[in-house]
Amino acid sequence: MYSGNLEMAVRDAKWRQLELVINNILNSKSVSLPNWLQSFESIYHLSVQEDEDFLRKKVIVTLERFVKQLSKGHLSSTSLETLLSTYSTLWCQYRENCNCMRPLLLYMDNLDVNGKTALGSFQKLELKAWQTELLQPMAADIVRLLISKILTNQRDEIDNTSIQIMREVGFSFERAFQISGGNQAYRENFEMPFLEGMSECYRKESSEIKVEELGAVKYVEKALAMIQANIDLTSRILNEGLVEEVKSAFVQHYFTDKKDWVLSECDQMVAEERNNELESLYKFLKYIPNYDFEELKSNFKNLVEKNLIASITNLKGQDVHMKFINNLLECHIKYRNMIREIFDDDNSFVTVLDKVFVRAMKKNTMKEANIPLTSAEMLARYCDSILREKDMPDNIKVFQELSYSFKTVFPYIYESDVFEKFYAQLMSGRLIQNSVRSMEPEEEMVKLLQQECGSEYAKKLTTMLTDNKLSSDLTNEFTQTNVIGIKFTIKVSTNAVWPMSDKNVLKFTPPNVIENVMHQFEKFYLRKHNDHKLTWMHHFSPCELWINIYEKRYIATMNTFLLAILLLFQDRDQISFNEVNTFLNTDENTLARHVAILVDSKFLKSDTKEVSAASTFKFNAGYKNKKTIVIIPAASKRVTLKENSKIIKTVEADRKGFLQTVIVRVMKKQKEMCHNDLIAEVISKTEGRFSASASMIKKEIESLIEREYLSRKPDNKNVYLYIA
Amino acid sequence: MSHSEPIEKNCVGPDAEYVKLISSDQKEFLVKRTHAETYSKTIKQILSGPTNCSEGETNQIEFSQISSKVLEIICNYIEYKAQCEIIMEKGEEIPEFDIPLEEATDVMMAASFLQC
């Protein structure tokens with residue numbers, strides 16, 4: 001008993017010493033070094049010599065007593081206005097003092113081998129005391145005060161000290177509840193009531209705004225300013241998650257609830273292109289969750305469509321393709337920029353824009369807009385015109401601009417194979433007529449087309465360019481090593497690569513002058529490539545004839561056939577049709593056609609209205625022309641259009657072949673496929689190149705069945721089998 | 001272990017290089033502050049308390065429960081641990097640290113108190 005009492009006395013003494021130190025610290029009184037040291041000794045004694053709970057219980061009681069005294073003392077006597085700031089000050093001081101006390105508590109933890117896991121560390125005890133004795137009872141009031149303070153701060157100026165106070169208050173909740181009660185307690189006691197309060201206030205305030213008086217535009221501006229201020233303020237006070245939730249509540253009441261009313265003026269805004277207002281409207285709508293700007297997009301679509309169709313309707317003239325493409329580009333740039341500047345470069349708007357353009361380029365739309373050519377052809381002709389122009393000084397710039405135009409327009413063309421055909425045709429025309437302004441842009445374009453149209457197609461174009469270069473080398477070599485008598489250039493083109501056919505070659509006897517050179521060249525060439533076969537394309541070969549019999553000298557360009565006819569008049573003034581044919585030895589219709597051209601050109605006069613086998617022709621002695629250089633075209637306008645329809649026929653034939661290749665490839669892989677699946681697969685593979693219809697595909701399937709590449713399944717007519 | 005440097009210079013003020021450890025029988029021991037704080041958690045906690053000495057005060061801790069004999073051994077141990085670090089970096093062997101048996105229990109209690 002006696003020893004027991006002594007021990008207890010020692011224990012109590014030690015505890016009292018420790019208690020004194022703790023209380024001094026809590027009350028911000030200074031502690032001398034010896035006392036401080038002694039407290040360690042006391043802790044040591046109490047932890048080691050006594051049972052665990054003693055120290056722990058005593059510490060808890062001390063802390064709780066202190067906090068309770070705080071709450072009863074300072075806080076109950078302050079008015080509501082100063083409550084927040086008083087609380088904040090007390091909290092800050094408490095926190096600071098606890099920090100000073102930390103080494104003691106840390107020491108207690110270190111010595112406390114048993115209780116750490118079960119009962120929580122000593123370090124948390126201070127926060128727990130704060131939570132249970134002070135914060136919990138006052139939580140609701142403090143939250144309410146916090147909310148109203150935030151709202152007043154939003155309305156009026158932001159006051160830095162207030163912000164500090166509010167931040168401390170929020171922080172105190174976070175620390176006190178989270179550490180002692182976990183996230184759940186924190187959320188229940190602080191975040192939820194806080195959010196509910198804020199949300200309620202927003203609801204009330206937003207319903208008090210007289211929106212109709214303000215007008216949609218002004219309301220949007222106001223709302224945008226308010227939410228920005230709100231975010232600024234709350235992010236300085238609350239944690240991230242809470243800031244987001246407060247923002248959502250704000251958005252709910254100020255934005256989402258008012259959305260429909262704000263959108264009422266949307267149509268007009270878009271139609272009148274009131275860009276500034278649209279920019280604000282877009283920003284406003286962006287805050288609303290799960291909203292994809294339907295009204296805005298459909299209005300935008302209508303606007304673009306209207307303007308696009310207007311800009312390309314009823315275009316006429318020789319350079320209709322230039323006007324078309326240029327207008328298209330202008331429209332595209334304008335609305336793409338609009339998206340970039342007003343709609344925050346939103347990709348879904350770009351999709352809307354693309355869809356409008358794609359539809360505009362389709363056949364039906366072009367027909368309705370009164371445009372004579374397809375969009376594919378126009379793009380090809382546009383490229384042709386650019387690559388022909390002789391006046392532009394900078395090659396690289398030419399190509400860059402062309403490349404941009406091409407890359408913008410090409411994706412909208414739905415028949416890329418038509419484009420390919422026309423481009424090849426026009427390029428071959430440029431090369432043969434020597435109208436290429438520079439090889440660099442041509443080569444760069446071929447590279448570009450390789451990316452867009454595939455390497456097989458690009459290879460054809462590259463071969464054409466190579467042929468062209470080789471031809472000029474050939475010409476140089478030939479003319480340097482042979483005596484010819486006339487100025488001569490040759491172009492040798494690989495058959496099947498160039499879009500020319502050797503089937504409709506003009507058959508006639510060329511004039512001696514020409515024939516001699518032909519023989520010389522053939523000898524020269526076949527010595528180099530003795531396995532090649534040459535076919536002369538006289539209808540493509542321009543000859544320059546200097547006519548000196550008139551007062552003025554004329555230089556006339558025409559093809560070899562026409563030259564042959566005119567040269568006959570070198571030693572006679574008049575000649576009959578049949579006589580001409582004895583010299584030329586050609587088919588009557590062809591001859592008649594070409595003589596008619598010469599008559600049209602006024603170099604010849606015919607004694608009959610229509611050129612026929614019975615006509616006689618005189619050389620026109622009174623020929624006069626303002627121009628010195630005269631070009632006699634081998635084909636009339638009508639023929640050019642016929643050429644175009646020829647191209648389209650070639651395209652259709654190509655498409656059939658393409659479809660068959662695709663069908664065979666698909667069936668080879670799948671071995672067996674039902675009708676609808678096959679159709680769907682083929683359509684997906686031809687997408688972009690041209691639009692294949694189900695009936696087209698069906699025809700080709702039938703043709704392949706006839707040729708025994710495919711067969712029908714015996715028991716199910718709808719299924720096809722691949723025949724290996 | 002005492003050092004040849006004058007005491008005043010090194011213990012004065014909060015940034016002093018040494019701390020003075022005083023035993024129950026008023027013997028003073030000087031240890032490098034960094035070592036003391038590294039190898040005794042308690043000393044570190046004590047020194048980080050709210051009573052940091054200001055200019056002119058000496059950094060000293062009085063241990064009313066620890067005798068000079070024990071305290072001496074503790075100080076030696078702290079130095080020993082510091083030396084070990086250097087030796088280990090060089091890769092040589094560590095010498096042993098002997099504690100005389102009579103003091104062993106007292107040393108253990110002090111060590112437990114000082115967490116070293």
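Here, each number is a calculation from the coordinates, and none is a lab measurement. Source: prediction; values computed, not measured. Note: ideal-geometry Cβ built from the backbone for every residue, glycine included; neighbour counts use all protein chains shown.
Quick one: if the Förster radius is 60 Å, what FRET efficiency do A:Asp587 and A:Gln670 give, using the C-beta to C-beta distance and rounding to 0.05? Write down the numbers at each step before the final one.
Working: r = 52 Å, r/R0 = 0.87.
With a Förster radius of 60 Å, E is 0.70.
What is the distance, in nm, between label points placed 7 Å from the Cα along the Cα-to-Cβ direction at B:Lys90 and at A:Ala310?
The answer from the label model is 9.3 nm.
Helix-only mean residue ellipticity at 222 nm, the protein assembly as shown, DSSP H runs n ≥ 4 weighted -39,500 (n - 2.57), per residue, nearest 500. What is it?
Numbers: 36 runs with 536 residues, N = 840.
Per the formula, -21000 deg cm²/dmol.
For a quick check of your reading of the filter: which trypsin sites (Lys or Arg not before Pro) in segment A:458-493 sit in a DSSP loop and have no more than 12 other Cβ atoms within 10 Å? Each step should come with its number before you reach the end.
Values: sites: A:Lys459, A:Lys460, A:Lys469, A:Lys487, A:Lys491; in loops: A:Lys487, A:Lys491.
Answer in residue order: A:Lys487.
Give the calculated FRET efficiency between A:Glu205 and A:Arg274 to the nearest 0.05, with a Förster radius of 41 Å applied to their Cβ-Cβ distance. Write out the running numbers ahead of the final one.
On the way: r = 29 Å, r/R0 = 0.70.
Efficiency at R0 = 41 Å is approximately 0.90.
Taking A:Lys128 as the anchor, which lysines have their alpha carbon closer than 28 Å to its alpha carbon, excluding any fewer than eight residues away along the same chain?
Counting by Cα, and skipping residues close in sequence, A:Lys128 has these lysines nearby: A:Lys14, A:Lys29, A:Lys57, A:Lys58, A:Lys68, A:Lys72, A:Lys116, A:Lys149, B:Lys41, B:Lys44.
Can you sort A:Ser385, A:Ser30, A:Ser606 so the residue with the fewest Cβ neighbours within 10 Å comes first?
On the way: A:Ser385 14, A:Ser30 10, A:Ser606 17.
By the 10 Å Cβ count, ascending, the order reads A:Ser30, A:Ser385, A:Ser606.
Averaging over all projection directions, find the projected area of the Cα convex hull of segment A:421-539 and quote it in nm² with one decimal place. It would help to have the intermediate numbers written out before the result.
Values: hull surface 33.3 nm².
So the mean shadow area of the Cα hull is 8.3 nm².
Just flag the trypsin sites (Lys or Arg not before Pro) in segment A:659-724 sitting in loop per DSSP whose Cβ has no more than 11 other Cβ atoms within 10 Å.
Working: sites: A:Arg665, A:Lys668, A:Lys669, A:Lys671, A:Lys685, A:Arg689, A:Lys698, A:Lys699, A:Arg707, A:Arg712, A:Lys717; in loops: A:Lys671, A:Arg689, A:Arg707, A:Lys717.
Sites meeting the loop and neighbour criteria: A:Lys671, A:Arg707, A:Lys717.
For chain A, which span is the longest to avoid every loop-located (per DSSP) member of GluC sites (Glu not before Pro) having at most 15 other Cβ atoms inside 10 Å? Kindly include the intermediate steps, with their values, before the conclusion.
Numbers: sites that count: A:Glu157, A:Glu272, A:Glu273, A:Glu389, A:Glu551, A:Glu610, A:Glu687, A:Glu708.
Longest run free of exposed loop sites: A:390-550.
Would you please report the Å³ per residue occupied by the convex hull of the alpha carbon atoms in chain A? The partial results should precede the final answer.
Details: hull volume 252.8 nm³, N = 724.
Convex hull volume per residue, Cα atoms: 349 Å³.
State the percent of C-alpha pairs, over all pairs in segment A:181-322, separated by a distance greater than 22 angstrom. It would help to have the intermediate numbers written out before the result.
Values: 5243 of 10011 pairs.
Looking at segment A:181-322, the distances longer than 22 Å represent 52 percent of pairs.
Give the aspartates and glutamates whose C-alpha is closer than 13 Å to that of A:Lys685, dropping any in the same chain fewer than 8 places away, or say none.
Reachable aspartates and glutamates: A:Asp677.
List the aspartates and glutamates whose alpha-carbon lies under 19 Å from that of A:Lys624, not counting same-chain residues fewer than 8 positions away?
A:Glu544, A:Glu551, A:Asp573, A:Asp600
Pairs A:Lys460/A:Lys668; A:Lys421/A:Lys646; A:Lys218/A:Lys258; A:Lys362/A:Lys699; B:Lys27/B:Lys69; A:Lys421/A:Lys459: which exceed 18 Å Cα-Cα? All intermediate terms of the calculation are to be shown ahead of the outcome.
Working: A:Lys460/A:Lys668 28 Å; A:Lys421/A:Lys646 11 Å; A:Lys218/A:Lys258 13 Å; A:Lys362/A:Lys699 24 Å; B:Lys27/B:Lys69 9 Å; A:Lys421/A:Lys459 14 Å.
Distance filter (> 18 Å) returns A:Lys460/A:Lys668; A:Lys362/A:Lys699.
Where does each of A:Cys674, A:Cys266 land when they are ranked from fewest to most other beta-carbon atoms within 10 angstrom?
Ascending number of Cβ neighbours within 10 Å: A:Cys674, A:Cys266.
As an exercise, identify the trypsin sites (Lys or Arg not before Pro) in segment A:351-395 lying in DSSP coil whose Cβ has no more than 11 other Cβ atoms within 10 Å. Don't jump to the answer; show the numbers that get you there.
Numbers: sites: A:Lys355, A:Arg359, A:Lys362, A:Lys363, A:Lys367, A:Arg381, A:Arg388, A:Lys390; in loops: A:Lys362, A:Lys390.
Answer by residue number: A:Lys390.
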